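Undergrad: Before anything else, here's the structure in question.
Each value in this text was obtained by applying a stated rule to the coordinates, not by laboratory testing. Small disclaimer: the values here were computed from a predicted structure and weren't measured. FYI the Cβ positions are ideal-geometry reconstructions off the backbone, even for glycines, and counts take in every protein chain you see.
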Amino acid sequence: MKRTAPSATDPAAERPEFLARLHEAYNLRRKNIVLLTGDVHGLFWNAAAEEFVGLEVALARELAPKFTLLRFDLATGVSFGDVAAEAAVTRVMEAEDPTGVASEPPKPLRDLIDASRYSPLAALVLLKGIAERFARARRTGSTVKPLCVLVQYAGAVFPAGEFDRLSELDRQRLVFFLSWVADPAFAGGPELLILISPVRAEVNGKLTALSNVGHVEIGLPTERDRALFVRVSTAAHPQLRFEHGPERFCRDAAGLAISQLKDLVEIATRTHEPVRRDDVVREINAILQARLGEIIRIKYPQHGPKDVIGYGENERIFTGVFERCEDPETAVSAILVSGPNGSGKTFQLEAHATQSGRVVIELAGIRGSYFGETERFFELLRWHLDTFGKILILVDEAHTAFGSVHSPDSHETERRLAGNVIKIMGDPRYLGKVLWGMMTSRPDELDPDVKSRSPIQIPIFDPEGEARLRFVRELFKRNRIEIGEAELADAVVRTESYSARDLDYLVREVRASKQPVPVVLENWQASNAIRMQRRMQTLIAALHCSYPKLLPGWLREAAPESIQAEIDALKITLRY
């Protein structure tokens, strides 16, 4: 399709940033093995060609003038970047060795490649042989460009793990490669090996620890990159439309690669429909779940603070917290929101996230789903966090989501999981950008290091007294349930132990039965099965409170020692 390149003054018209960092790693920091991770399957703008190209093409166009390009992976063995590279390697490999080091006459290069095609170790031996022949050719005065080898799916070639956990073939490949590239003759030479893997954690740590190995992470497209793609696409398809305009699309599409944006645009152009925000959200969630599993998803809550009934003091505090977190100088890493089951912790936090304009990421079930894959998960999570704008990470029942770095009962993997969470929370780069919303009914069981990074602790209690009467009245009013003042007062008394969730269930019962509230309360009641548990959770939340005004009167007057004593007694009764 016809494309229009951006103006030469447009910063996005320059080469992708990762190429500049690759240049820095090789030329300035003298790293002749560079691990490329991140968006390795993405598309990148090439100003000369005026189009988006894949990673290998982007690398070839950047490096071909300076290097002889080869390619290697487990499936196809050794191949060449272009015909000129094959001719150059053939000429060096099939020439007589002027140094006399070679003991046998040269074999046809094509035969060597074919013989090693399905034997990765043999292919690595061939690559080493090619590099050594190029080095000897340079020593004898031949003018040859250095080799650059692109190793695709490096995590499959050199998988992570200690020697005793690798298969025999994996161990042989790794040991051979380490002995080759750690040799001072190679480390000080001009050859360049580029290892390509989506995740650094998948590549063996013994390799990435070498002094001549550098790491360059390819970030997901920035908003500027996405804006460039939109300009190119609309130039090619003038009829292309976006539901809320191109600028909103560029913001909402954070987390998507150019190839995924291209899919959305192509569907829209073929169906003659606008690119809708719901389509973008579904695509982002599909990609996140494909990479990180079912434990993570993007949410765009549709409710705001005006939809929260009552809780005026909580609203003022939440609003102030989100406002201060706009500034890295006053931001906090995390807030702890506690309270008994059904009190509305998630609903309120989401409401204020909507008002703040933050992207809401929900994490759940990390502890069970990622047993043994902690490093990979957090590398990918951090990579996505760098791409999105300002974020709220919601962790429901946070005390069960992470293990403890202190508990002797925690498995080593669970301790690493908690350690990675603490590391991200403590990273000053994310202050103001990422806010963790840790919601739990049992903050006493949360790891102390996590709690220490949550200086703002906001409890949410069931409304009491006059506040409860206003709460129930407004709840019925908003749901168009008619009830007199006398009947309302009676309903408040009869639902004294109901949580906000229980009251929502009552509203549903009234709607379903189409009977007045008093009649429904004669025939239905919320379960009292967790009444003692909710009492204990309320007491625990009172001990995790940064704002005394939020405490009900009976808790505000109680001494912390008496609250703790009742908690201890309830734990014995409930066999905790």
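Undergrad: ALA64 to ARG248: extension gain in nm, 0.36 nm per residue of separation minus the Cα-Cα distance?
TA: That pair, ALA64 and ARG248, stretches by 62.4 nm at full extension.
Undergrad: Show me 158-171, 63-76 ranked by packing, highest mean number of other Cβ atoms within 10 Å first.
TA: By packing density, highest mean first, the sequence is 63-76, 158-171.
Undergrad: For the chain, what size does the Cα cloud have along each of its three principal axes, sorted from largest down, in whole Å?
TA: The Cα atoms of the chain stretch 105, 61, 44 Å along the principal axes, largest first.
Undergrad: Please list, or write none, the aspartates and glutamates whose alpha carbon is within less than 17 Å of the alpha carbon of LYS423, excluding same-chain residues fewer than 8 places away.
TA: Qualifying aspartates and glutamates at Cα under 17 Å: GLU373, GLU375, GLU379, ASP386, GLU412, GLU414, ASP447, ASP449.
Undergrad: With a cap of 16 neighbouring Cβ atoms within 10 Å, and only residues DSSP puts in a loop, list the chymotrypsin sites (Phe, Trp or Tyr not before Pro) found in the range 494-566.
TA: Here the sparse-neighbourhood loop sites are TRP524.
Undergrad: Please compute the length gained on full extension between GLU561 and SER211, using 0.36 nm multiplied by the number of residues separating them and subtracting their Cα-Cα distance.
TA: 120.4 nm
Undergrad: Tilt of helix 345-356 relative to the longest C-alpha principal axis of the chain, in degrees (0 to 90, nearest 10)?
TA: The two axes meet at around 60 degrees.
Undergrad: Then there's this: Along the charge dipole of the range 223-292, pointing to its positive end and built from +1/-1 on Cβ of Lys, Arg, Asp and Glu, which listed residue (SER259, HIS272, ILE284) has its Cα farthest out?
TA: SER259
Undergrad: Between GLU474 and ASP327, with labels modelled 7 Å along Cα→Cβ, what's the label distance in nm to one decimal, could you check?
TA: Inter-label distance under the simple model: 2.9 nm.
Undergrad: Starting from the Cα of ALA156, move 7 Å in the Cα-to-Cβ direction to define the label point; list residues of the range 13-47 whose amide nitrogen is under 18 Å from there.
TA: 36-42, by backbone N distance to the label point.
Undergrad: Do the sum for the chain: with -39,500 (n - 2.57) for every DSSP H run of n ≥ 4, divided by all residues, what is the mean residue ellipticity at 222 nm, to the nearest 500 deg cm²/dmol?
TA: The per-residue figure over the chain is -14000 deg cm²/dmol.
Undergrad: Next question, about the same structure. In nm, give the distance between the simple-model label positions of SER513 and GLU223, each being 7 Å from the Cα along the Cα-to-Cβ direction.
TA: Here the modelled spin labels are 5.2 nm apart.
Undergrad: Another question about this same structure. Taking the Cα centre of the chain as origin, work out the dipole magnitude from +1 charges on Lys and Arg Cβ and -1 charges on Asp and Glu Cβ, in debye rounded to 20.
TA: Dipole about the Cα centre, nearest 20: 800 debye.
Undergrad: Points 7 angstrom from Cα along the Cβ direction at THR271 and GLU313: gap in nanometres?
TA: Taking the two extended label points, one gets 5.0 nm.
Undergrad: Set the Förster distance to 22 Å, then compute FRET efficiency between LEU574 and ASN528 from the Cβ-Cβ distance, nearest 0.05.
TA: Details: r = 14 Å, r/R0 = 0.64.
Using R0 = 22 Å, I get an efficiency of 0.95.
Undergrad: Using Cα positions and a limit of under 15 Å, work out the aspartates and glutamates in reach of LYS145, with same-chain residues fewer than 8 apart set aside.
TA: GLU62, ASP82, GLU86, GLU132, GLU191
Undergrad: Using DSSP, restrict attention to beta bridges with both residues in the chain and report what percent are antiparallel, rounded to the nearest 5.
TA: 25
Undergrad: Starting from the Cα of ALA467, step 7 Å toward the Cβ, then list every residue of the range 500-527 with an amide N under 20 Å from that point.
TA: Under cut-off, by backbone N: 500-504.
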